[in-house]
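Okay, so here's the structure we're looking at.
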Amino acid sequence: MKLSLKYRIAIMILLLETIMMGLVLWQTLEHSLDASRTQLEATEQTILNLVGNVSRVALLTEEYAELQPYLENLQKDPRVLKVMLADAQQRVVASTHSDDIGRTFNTALTHHNNDTEHFWRQLEISNSNGKLGELAINFSNKALLQAYTKARNLGLTIAAFGMLIIAIAGITTGFLLTRRLERITAAAQRFAKGENLVKTGVQGNDELGELAHSFDSMAKSITKKQQLLQESEHYNRTLFEQSAIGLALCRMNGELVDINSAYARIIGRDVEETLQLSYWDITPKSYIRKEEHQLNCLDATGCYGPYEKEYIHKDGHLVPVRLQGQLLEKDGETFIWSSVEDITSYKQAEEALHESQKMLQLVLDTIPVRVFWKDRNSVYLGCNKHFARDAGLEDAEQIIGKTDFQLSWHEQAELYRADDQQVMQSGEAKLNYEEPQSSATGNIWLQTSKIPLLDRHKKVFGVLGIYEDITKRKQTEEALRRSQKMEAIGQLSGGVAHDFNNQLGVIIGYLDFLQEYTRKDEIPHKWVNTASHATMRCMDLTQQLLTFSRQQNKEKTVANLNITVREQETIIKRTVTPEVEVEYFLADTLWLTKIDTGEFHDAILNLVINARDAMPNGGKLLIETSNKHLSADYAALNYDATPGDYVQLTLSDTGCGMDSETLEHVFEPFFTTKSEGKGTGLGLAMVYGFVKRNGGHIKIYSELGIGTTVHLYLPRSTSSELPAMARTNDKTELPTGSENILIVDDEVNLLQLADQYLTDLGYHTHTAKNAPQALEILAENNNIDLLFSDVVMPDGMSGYELAQQATQQKPALKILLTSGFTSKTIAHNGLARFSSHLLNKPYRKAELAQHVRMILDEEDNT
Amino acid sequence: MRLLLLFLLLTSSLSLSLATEKKTQSGAYKFGVLPYLSTTRLENIYAPVAAELSRALRHKVNFRTSSGHNRFLNNLKQQRYDIALIQPFWYPPAIDQFGYQPLVRMQEPFASLIMVPDNSPLHSISELKGKLIATPPAFAPVVYMARRALKKAGLIPDKDVQLKAFKSVDSCFQQVFIGSADACITPPFAVAVIEEKMRIKLRALLETTSIPNLSIVVHKRIPADKRERLKNIFLSWKQNNAGKKLLDRIKTQGFVPAIDKEYDMVRAFMHEIKGM
C-alpha cells in the first residue's frame, strides 16, 4: 500500500522523536541519578568525617558517654540509620543502638547487613601512634530512590507530552510540505510532456519555495536552450550544406551516411548518387596502406590527418584531395566525421612552384660565384652547389639549418655573423669587401657582398650573400707589389751605387798612383795597399748593389751550368765548414742557358754562404741541376714566372730555415737575419737581381728547423757561343800608346783621373766636361783617334748620342764608353752598337789601358 | 609428613604473633597527657611521643587525654593512666595518693605568665587594673600562681582586675586575639605553641616565681624495670636527634629526673591555696 509522503514524514518524525526522547530521558535519569548519588556520597562522606573528628576526640579521651547523644542526634538525619564507633580493639564503644556497645565491631556490622535500602560507610581513625578506632555509619538509600523515582516520573511525563506535540507537528509539516511538492510535481509532469514555459506557482522563502523557483528557472532555461539548439542546428545544417569544403559522415565500414554537395562535387556526382557509394568505392586501391595507417591513428587518438590522397572521379580521373577527421558518437554509434578539400589547383601551383624553384636553383648553381642566404639568426636557409662544395657538403639542401659555427670556416664564424647582423640591422648592403676563410687547403681570401632580404612588408627577414675566391688574385697582386717594391728598391739602390761608384773610381785611381810612388817605401806602400783593398771591397759592394738593381750591363754568354758549377766546386768547398757535407746531383743532359758567368758565380757563392751560415753545427748542402718546364698554371700562381723551358738549379740545405715573415723580405737589399757585421744583406738581393736580369725565376721554400731550398730557373738557350772576358791581373804590364784620345766626363775628378791614366800610358789627351764641348774639340782637332766618354751626362746629350754625332762627323773615330749603370733609353735604334765597348765604372788603370788598346787595335768600323 | 609439620609450625607462629599483637594491644600502656591544649593539638604533639615510647619500650603506649582538667584529674585519681604528664600541683596527690611514682620532669622551671600581644599598649602589671585577663580553667596551677602574683603586685583579683576562665590556653589567647580580653595567663611551654599557631608575637607582663615544671609520673603497677627504662628514655631524648625533635614538639629543652623533694614547695603552695 502506498503511503503518502505526509504520513511517512509524520511517522518518521514521530519515530525519531520517540528514540530521541527515550535517549534523552535515559541520559537525564542517569545523569540525575549520578548527580544525586554523588551529592549524597559527598554528604555522607562529610557526615562521616565530621563524626570521625568527634569520634577521634572520644577515642583519645575515652569519654564515650558525651558522644552518645551526638550520635543519636545524627539519626535525625533521615539518611543516617545507625552509627557505631569501635576502639582499637574492635570493641564497639559507642553506638546509636545501645545493644551494640560492647560487641565486636564486625559482629555489629553484620548484624545490620547492606541491602538495597541501606549501606554501611566506614572510616578508620588513626594517628601516628597507630589505629585509634573505627567509625561506621549506616546510610539509607531511600532518598536516592526517591530522587530517582521523581526524576523518572517527571521525565516520562515530559516525554509523553513532547511526543504528542511532535506527532501533531509532524503531520502538519508533512501536509504542508507535500502540498507544495505536489504542485511542483505536476509542473514537472507538464514540462515532461512538452509544455513550454511551465511554472509551478509555488512561492515561499523556504527550501520548497527555492525548489519551485529553481524549477521555474530551469524550465525557462531549458526551453530557451531548446530554441537555441534548434537555431544552431539549422545554422550548422546550412553551414554543412553550403560549405565549400567537402564534409562527410560515414560509418566505420566506410558507408557514407551524410555528405554535403561540395563533397559530391569533388567526385563529379550529386548528393543522392554519392550516398549510394561507400568510401572505398572512391578510394584508389593504391592508397589502401595509407588508409590503414590513418585508421590506426583514428583508433589511437580519435582523429586522423591531415593527409593527402586521391579520389576517383566519376569520369575516372583521380582528384587530389586533403582529408582530416575524427570519431563522432551519435545515437550510440561511432561515425567518422571528415572534411575533404579538393587540392587540384594547389597541386598544380605546387608543381609550378617546384619547377620555378628548380630553375632558380639551376641558375644559382650555374653562376660561378658562391651564393647563400640566411635568416635573422644567421642560420642558413639555402645555398648554391658551389657554396655547398666549399662547405664540404654533398648537397645544397644539407646547408639548411646550419650555422657558420658548424662548417669548416668556424674560425671566422663570429666575423661572418657580425657582418650578417650589421647588414640586417642597418638594412644596407655591404658590397665587395674582402674577408678571410679557413679551408681544407689553407686560408683563402674572399670578396664578399651581403644584401639584406626584405619581405613584402619591407621588413628584413634575412641576408643574401655572394662571394668569390680571390686568393689567386691577391697572390698575384702581392707578387706584383713585391716585384714593384723590389724594382723601386733596385732603382733607389742603383742610384746610390752609381754616385758612390764614381767617387770610388776617383779614390782607387789616385790610390793606384800612390802605389807606384810608394813602391820604394815599404811602410807607406803597405798603407796604400791596405787602402786599395778596402776601396776594392767597396767597389765589390757597389757592384753587388748595381747587380741587384739591374743597372749594370753585363756580358752574357751561353753556359752549361753543370760546367759552371763544377768550376766552383773548390770555392764552394772552401766556403762551407768541414761539418757541412756537399753533394751534387747534376743532370746528365742539361739544357744551356745564357748568363753572365761572373754573376752566376757570385750568385752561387752567395747562396752557398747563406746555406753555410744556416748550418753553424754542420749539415748537408745539396746542389742539383735539371731541365724544367714551367707551365701556365705555375705562371698563373707565380706572377714573375713566364711559362717555358728553364734550366733549374736547386740549392738545398738542412739549416735552421726561415719563417714566413723572413721569407717575405728575403730578397730586399740590406735585409739580413745575421748578427751585425756578419752580413751585408745584399746576397739574396744580388741573386734575385741576377735571376731577373736573365729573364729567370727564383723560388724559395723554407721551414723553420727543417731547412731551405732555393730554385733558380734560368731560361733555356739554344746557342752554343761561349765567349768570356778574362779577369785583368794587376801585375801584368800595361799596354800603352801614343794616339790622341778625347776624354769626356761631367765628373771632374774622374775626368782628371782618366786624363792622368791615359797620359801615363803615353797617350795624348783632350778633355771635355760635356758633349757639346767635346764636339767642339772634335771639330777643332782632326787627329783624335778615340772618343772616351761617360754615357750619362747632363745637357741633354748622352755619351751614346755624342758617339753617334762624333762618328757621323768622323766615321773613323773609335768609341769607348764608360758608365756606372745602364739607362732604359739605351739599346734601341742603333745606339746599341756602342754598348759592346763599354767600360764599367769604376775602372782601374789596367782595365782602361786594355780597353783603350783593344779598341784602338780593332779594324776600322767603317 | 614434614610438609605437614612445617605447615603446622607456620600456622602456630602466625597465631602466636597475632595473639601477641592482640595482647599487646589490650595490654598497652595509657599515656595520659593533661589537657593543657585542645585534644587535637595534644594528639599532634604526643601521639608521636607515644609512638616513640612504644618503640623504645617495646611495649605499646597509647596517648590519651581528657576533655577537661577535672576529668583528667578524675582519671588520674582512678589510676586509669599508666604514664601521665601532669601539672605540678597534681604531683603531690598523684604521688601521695594515687599510686604514682615520679619519673622525670621538664627541666625548665614552671611559672605562670601573664602574656599580652607584643603590640599591646600594656607594658606593666599595674596597667592591668580594670582590665580583663583570660585564664585557663580556674583550678589550673598557672591561675593560682598568677592570682598570688597579682595580689603581691597590689591588684586584687576579681576586684582590681577581672579574671575570666576559659576552657584552655588556646581559648584564652583567642579572646586576647579578638580583643575580648587584654591579657592571658599561660604556662611557659604553651607560649611558643600559641605564637606558632596564631602567628603572633607575645610579651610577658608578669612571670611568677617558678616551681618544678610538668612532670611525668608512672603508676607503680608498671614493672620497675620498665619504669627505669621509661625514665632513661625520657632522659635520653636530649642526646639524640629523634628525641630532640620530640622535645621540640613538646616545647621543652629536655627532661630531668623528678625528685620528690623538689615538689615540697608545691605541697606548701597547695596548702596555701586551700587557705585561699
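Which whole-angstrom value gives the distance between the alpha carbon centres of region A:740-773 and region A:394-464?
Cα centroid to Cα centroid, the span is 73 Å.
For each pair in A:347/A:450; B:77/B:197; A:6/A:199, compute the distance between the two Cα atoms and list the pairs where it is over 29 Å.
Correct reply: A:347/A:450; B:77/B:197.
Treating the beta-carbon of each Lys and Arg as +1 and of each Asp and Glu as -1, no other charges, what is the dipole magnitude of the protein assembly as shown about its Cα centre, to the nearest 20 debye?
Dipole about the Cα centre, nearest 20: 13820 debye.
Per-residue Cβ counts within 10 Å, from other chains only, averaged over A:53-64: what number is that?
Mean shielding count: 5.
Cut-off under 24 Å on the C-alpha distance; same-chain residues fewer than 8 positions from residue A:76 excluded. Which lysines are left, in chain and number order?
A:142, A:150
Would you list B:34, B:113 from fewest to most Cβ contacts within 10 Å?
If I rank by nearby Cβ atoms, fewest first, I get B:34, B:113.
Note the angle between two axes, namely the Cα long axis of helix A:799-809 and the longest principal axis of the Cα atoms of chain A, as a number of degrees from 0 to 90, rounded to the nearest 10.
30 degrees
Quick one: helix A:142-192 against the long Cα principal axis of chain A, what's the angle to the nearest 10°, folded into 0 to 90?
It works out to around 60 degrees.
Any chance you could run the full-extension gain for residue A:632 through residue A:740? It's 0.36 nm times the residue separation minus the Cα-Cα distance, nm to one decimal.
The residue A:632-residue A:740 span can extend by a further 33.3 nm.
How many nm separate the modelled label positions at residue B:180 and residue B:158, each set 7 Å beyond the Cα in the direction of the Cβ?
2.0 nm
Between the helical axis of A:344-366 and the dominant principal axis of chain A, each derived from Cα atoms, what acute angle in degrees is found, rounded to the nearest 10?
Its long axis makes an angle of about 30 degrees.
Any chance you could get the radius of gyration and Dmax over the Cα atoms of region A:348-469, in Å?
14.4, 48
Take the alpha carbon atoms of the protein assembly as shown, find their radius of gyration, then divide it by 2.2 N^0.38 Å using N residues; give the quotient.
Against the compact-globule rule of thumb, the ratio is 2.48.
Hey, with R₀ at 56 Å, roughly what FRET efficiency would residue A:484 and residue A:577 work out to, going by the Cβ-Cβ distance, to 0.05?
According to the calculation, E is roughly 0.90.
For residue A:53 and residue B:207, FRET efficiency with R0 = 35 Å and r from the beta-carbon atoms, rounded to 0.05?
0.45
Rank the residues B:98, B:173, A:513 as a footprinting-exposure proxy: fewest other Cβ atoms within 10 Å of their Cβ go first.
Ascending number of Cβ neighbours within 10 Å: A:513, B:98, B:173.
Please order A:457, A:31, B:59 by the number of other Cβ within 10 Å, starting at the fewest.
In order of increasing Cβ crowding within 10 Å: A:457, A:31, B:59.
Using the structure shown, select from B:129/B:152; A:472/A:699; A:374/A:472; B:60/B:245; B:231/B:251 the pairs with a Cα to Cα distance greater than 22 angstrom.
Over 22 Å apart, Cα to Cα: A:374/A:472.
How high is the FRET efficiency between residue A:152 and residue A:8 when r is their beta carbon distance and R₀ equals 35 Å, given to the nearest 0.05?
So, using R0 = 35 Å, E works out to roughly 0.60.
Give the distance, in whole Å, between the Cα centre of region B:135-171 and the Cα centre of region B:83-112.
Each part's Cα centre sits 21 Å from the other's.
So if I restrict to the alpha-carbon atoms in region B:141-276, what is the Rg, and what is Dmax, the biggest pairwise distance, in Å?
Values for region B:141-276 (Cα only, Rg and Dmax): 17.9, 53 Å.
List every residue whose amide H lies under 5 Å from the amide H of residue A:462, counting only residues 5 or more places away in sequence or on a different chain, with H placed 1.01 Å from N in the peptide plane.
Those qualifying (amide H under 5 Å, at least 5 residues apart or on another chain) are A:453.
So, in Å, what gap is there between the alpha-carbon centers of region A:31-104 and region A:322-377?
Cα centroid to Cα centroid, the span is 116 Å.
For region A:639-647, just list the computed ³J(HN,Hα) in residue order, Karplus coefficients 6.51, -1.76 and 1.60, θ = phi - 60°, integers in Hz, with x standing in for Gly and Pro.
So the J values, rounded to whole Hz, are 4, 7, 9, 10, x, x, 8, 9, 9.
Be a star and scan region A:145-168 for residues whose amide nitrogen sits under 15 Å from the point 7 Å along the Cα-to-Cβ vector of residue A:26.
A:156
Coordinate-derived values only; no laboratory data. Quick caveat: nothing in here was measured; it's all calculated off a predicted structure. In this analysis, Cβ positions are derived from the backbone assuming ideal geometry, glycine residues included, and neighbour counts consider all displayed protein chains.
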